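A single structure is presented below for examination.
FYI, it's all coordinate maths here, none of it is from the lab. This one's a predicted model, so the numbers in the text were calculated from it and none came from an experiment. Note: ideal-geometry Cβ built from the backbone for every residue, glycine included; neighbour counts use all protein chains shown.
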Ligand SMILES: N[C@@H](CCC(=O)N[C@@H](CS)C(=O)NCC(=O)O)C(=O)O
């Protein structure tokens, strides 16, 4: 199997965390031509988005949530899927709330990073939605060692890259620690950053951000 990935992408990082945490045999490559819109990459994933997983038989699976879910199904012994229907539902709920109400709310901020062209109304609206999303997410956060249970699961893969970007947004927009008012999430983030696979993927994302900042 091959994963087309770039280090900065939170979506690709979601999949890389699953691969690193579980030692899965997946070759990780940049898109051919180094660009998601190169003709060679569009021939692999016509949506022109990173990540995409290519199976041994050539089938291509795009979308980070679908790829991680595929890996959990394809490697049932990996522990990516928490054991039992209730724990699996909790993991899916965390991933869904994080994607729909936190990541989606924060997305507007990617276009507002430059202070010279920043629209304060857009920024404040995005942070208000983000605060609501974090309140929802904190409701469902656990006090387990990981997001659900005692090992990395699909839920951690969804949460970790988003929490990396929340740290960036807090710093860039002068908002401080965005998790400060969300105790369970705050404690989860402190715990999970001690995991070796999390350290690896967070380091890759931070190095890519530093390179981009010049
Ligand atoms: N919903 C997709 C989002 C993927 C995505 O937007 N990836 C970005 C990189 S962070 C991308 O490829 N952008 C190129 C583009 O949209 O043209 C997922 O979860 O995989």
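Determine the distance separating the Cα centre of the range 116-180 from the Cα centre of the range 66-81; give it in Å without decimals.
24
Could you work out the helix-only [θ] at 222 nm for the chain, with each DSSP H run of four or more residues adding -39,500 (n - 2.57) and the total divided by the number of residues, to the nearest 500 deg cm²/dmol?
-16500 deg cm²/dmol
Now a separate question. Determine, for 154, 142, the number of other Cβ atoms within 10 Å of each Cβ, and report the residues in order from fewest to most. Before the final figure, lay out each step's value.
Numbers: 154 25, 142 16.
In order of increasing Cβ crowding within 10 Å: 142, 154.
Separate question: In Å, the Kirkwood hydrodynamic radius of the range 45-118 over pairs of distinct alpha carbons?
Working: mean 1/r = 0.0672 Å⁻¹.
Hydrodynamic radius (Kirkwood, Cα pairs) of the range 45-118 is 14.9 Å.
Points 7 angstrom from Cα along the Cβ direction at residue 29 and residue 56: gap in nanometres?
Computed distance between label sites residue 29 and residue 56 equals 1.7 nm.
Counting DSSP beta bridges in the chain, what percent are antiparallel, to the nearest 5?
Values: 6 of 9 bridges.
Looking only at bridges with both residues in the chain, the antiparallel portion is about 65 percent.
Ok, one more. Looking at the chain, I'd like the Rg to Rh ratio, where Rg is from alpha-carbon atoms and Rh is Kirkwood's inverse mean 1/r.
On the way: Rg = 17.1 Å, Rh = 17.8 Å.
Result for the chain is an Rg/Rh of 0.96.
Okay, moving on. Kirkwood hydrodynamic radius (Cα pairs, Å) of the range 2-78? Mind showing how you got there, number by number?
Values: mean 1/r = 0.0809 Å⁻¹.
Evaluated over the range 2-78, this radius sits at 12.4 Å.
Averaging sequence separations of C-alpha pairs under 8 Å and six or more residues apart, then dividing by the length of the chain, give the relative contact order as a whole percent. Spell out each step's value before the answer.
On the way: 290 pairs, mean separation 50.3, N = 214.
Here the relative contact order equals 24 percent.
Could I ask something else about it? Give the span of the range 128-175's Cα atoms along each principal axis, as three whole-Å numbers ordered largest to smallest.
Largest first, the range 128-175 extends 34, 19, 15 Å along its Cα principal axes.
How high is the relative contact order of the range 2-78, given as a whole-number percent (alpha carbon pairs under 8 Å, six or more residues apart)?
Details: 100 pairs, mean separation 25.1, N = 77.
That works out to 33 percent.
Could you identify which residue out of 130, 53, 29 has the top mean-square fluctuation in a GNM of the chain using Cα springs shorter than 10 Å?
29
Please order 212, 14 by the number of other Cβ within 10 Å, starting at the fewest.
Numbers: 212 9, 14 26.
Least crowded to most crowded, the residues run 212, 14.
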